[in-house]
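The values are calculated or read from the model by the stated rules, or taken from the named source; none is laboratory data. Because the structure is predicted, anything quoted here is derived from the model rather than measured. Cβ placement follows ideal geometry from the backbone for every residue including glycine, while neighbour counts extend to all protein chains displayed. All accessible areas refer to the heavy atoms of the entire protein, side chains included, with ligands and DNA or RNA removed. Shrake-Rupley method; radii C 1.70, N 1.55, O 1.52, S 1.80 Å.
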Amino acid sequence: MDLREQIDELMPRARADLADLVAIRSVADPRQFPAVECERAATWVVRNFAQVGFTDLGTHLTADGSKAVFGVRPAADPDAPTVLLYAHYDVQPPLDEKAWRTPPFQLTPVGGRWYGRGAADCKGNIVMHLTALRALGDDVPVNLKLIVEGSEEQGTGGLEDFVTRNPELLRADAILVCDTGNAAVGVPATTVTLRGLVNVVVSVSALGGELHSGMFGGAAPDALAALIQILSSLRDRAGNTTIAGLDNEQTWLGAPYPPSQFRADAGLIDEARLLGDGSVSDMIWARPAVTVLGIDCPPVVGSAAAIQPRARARLNLRVPPGMDAVKAQDALIAQLHAVAPWGVRVEVTPEAVGQPFAARTGGPAYQALGSAMREAYGREMTALGQGGSIPLCNVLADTYPAAEIILMGVEEPLALIHAPNESVHPGEIARLAYAEALFLQRYRG
């Protein structure tokens, strides 16, 4: 029986594995879900990777209080190259459970996909690793290391700190960061760039307290209206992000993202237009993009005829490769202050900053993976950007400058990661498990 046939036979077990993992509500925020859920997920990872030959498996407490699972599987030849396998077991919260068509923590097959929180991001990648290793059995000619973190979705930097404190523990020749995905179902890809991020909270104060809009409206400054005016300065009429000092005209040189596919992937309503003056690829992979994540203000239901004395918003700025995230944060903060109207008081609190990342491609690991992807998918692997951020990649690149860092995974646009109704296509788990197994057989460093 060849590898592909073995993986096909293992898919029922892969589904059972993923069902077990999805049922664990491992949101790494004890304010939302009990911390014991993450403990359960870590224990599951330890137990199952022990079954595929990993030793010295255990959990390591990181600086943010989360636990990372680490283990090794030595090759028969100690001089063989070392491959580090990465994934994370924590998940995003389910958000509005009423928006889910299936129970968020119960793996449910619908229309050829498997639905559940974490099914793609990133528990599907844990299962992909396991399926590849089960198919290979003892035929793994490279040294393996495993790191599965427990707080990636929180962005609190636990594993990043762990890497810098334990550089020899995770040292490898090739690092498979399995937390991204393909261009579409059946279209293999690696992610070669990541945008960095800046998160800030902007607070506006105008009055000592609420005022009757009939008695004072028209002369008294409205903090909510001031905030809206400040936020409107961050994009022009075409939707380009407009922050003074940030280049918003860079172009993407890799594979294009067809507008029709993007419209379908994003679920745009018929009347909605795509934003910006560039191509879709330019806008989501090569240029800065600001998003208003949330606003604190009175809800419509129950609101009074009152002028608001205070309002605040949480902003996310995505920073493309070639742009320094710290300088981008400074530019954003400067603009929020500069455009404030009517003498209102503006305070900006930085929350997080992460630098963009560009992978070094063309080495033996990329060549071996390209060959494996071609056989698994029957077509050439393409290179994508990623609008999201994985700060760990920069830490890995700085700590292991000689290592090839490859970003791949079972996610694709229809997976709806971070949103209600997250799902994974089981064919992606099967094809990527086959590609990973072939890569581990063929990679020679």
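Is there any pair with a first residue in region 370-399 that is in a helix (DSSP H, G or I) and a second that is open to solvent by 50 Å² or more (accessible area, probe 1.4 Å) and modelled with pLDDT under 95 whose Cβ atoms are under 7 Å apart and which are 6 or more apart or on different chains, and what are they?
Matching pairs, first to second residue: N394/Q355.
Taking P34 as meeting all but one of (1) free of Cβ contacts under 8 Å to residues at least 12 places away in the same chain; (2) outside any helix (DSSP H, G or I); (3) over 23 Å from the mean Cα position of the chain (by Cα), write down the number of the exception.
That leaves (3) as the condition not met.
For region 212-253, name all the residues that are assigned to a loop (DSSP other than H, G, I, E, B), touching a helix residue (DSSP H, G or I) at 6+ places or on another chain (Cβ under 7 Å) and not polar (S, T, N, Q). Outline the logic, then answer.
Step one: of region 212-253, the residues assigned to a loop (DSSP other than H, G, I, E, B) are 218-219, 221-222, 233-234, 236-240, 242-253.
Next, only the ones that are touching a helix residue (DSSP H, G or I) at 6+ places or on another chain (Cβ under 7 Å) stay: 233, 243-246, 250-252.
Hits for region 212-253 are I243, A244, G245, L246, W252.
Residue by residue through region 128-159, note down the ones that are among the charged types (D, E, K, R) and either assigned to a loop (DSSP other than H, G, I, E, B) or modelled with pLDDT of 95 or more (or both). Break it down stepwise before answering.
Filtering region 128-159 for residues among the charged types (D, E, K, R) gives 134, 138-139, 145, 149, 152-153.
Matches in region 128-159: R134, D138, D139, K145, E149.
Among the residues of region 240-249, are any closer than 30 Å to V424 by Cβ and of a type in the set (S, T, N, Q)?
If we filter region 240-249 for residues that are closer than 30 Å to V424 by Cβ, which is where we start, we get none.
There is no residue in region 240-249 that is closer than 30 Å to V424 by Cβ and of a type in the set (S, T, N, Q).
Could you check, for region 260-271, whether at least one of its residues is open to solvent by less than 40 Å² (accessible area, probe 1.4 Å), out of contact with any Leu (no Cβ under 8 Å at 6 or more places or on another chain) and not acidic (D, E)?
no
Among the numbered conditions (1) open to solvent by 40 Å² or more (accessible area, probe 1.4 Å); (2) in contact with a strand residue (DSSP E or B) (Cβ under 8 Å, 6 or more places away or on another chain); (3) touching a residue at least 24 places away in the same chain (Cβ under 8 Å), tell me where A42 comes up short.
For A42, the exception is condition (1).
Restricting to region 351-400, what's the tally of residues that are farther than 21 Å from A289 by Cα, polar (S, T, N, Q) and surrounded by 23 or more Cβ atoms within 10 Å (Cβ to Cβ)?
Matching residues across region 351-400 total 0.
Identify, please: which residue in region 218-254 is under 28 Å from A358 (Cβ atoms) and exposed (fewer than 14 other Cβ atoms within 10 Å of the Cβ) and is, among those, modelled with the lowest pLDDT? Please lay out each step first, then the result.
Taking region 218-254 as the starting set, the residues that turn out to be under 28 Å from A358 (Cβ atoms) are 234-236, 238-254.
The next check asks that each one be exposed (fewer than 14 other Cβ atoms within 10 Å of the Cβ); those that pass are 238, 244-245, 247, 249, 251, 253.
Working: A238: 97, A244: 97, G245: 97, D247: 96, E249: 96, T251: 95, L253: 87.
Taking the candidates together, the pick is L253.
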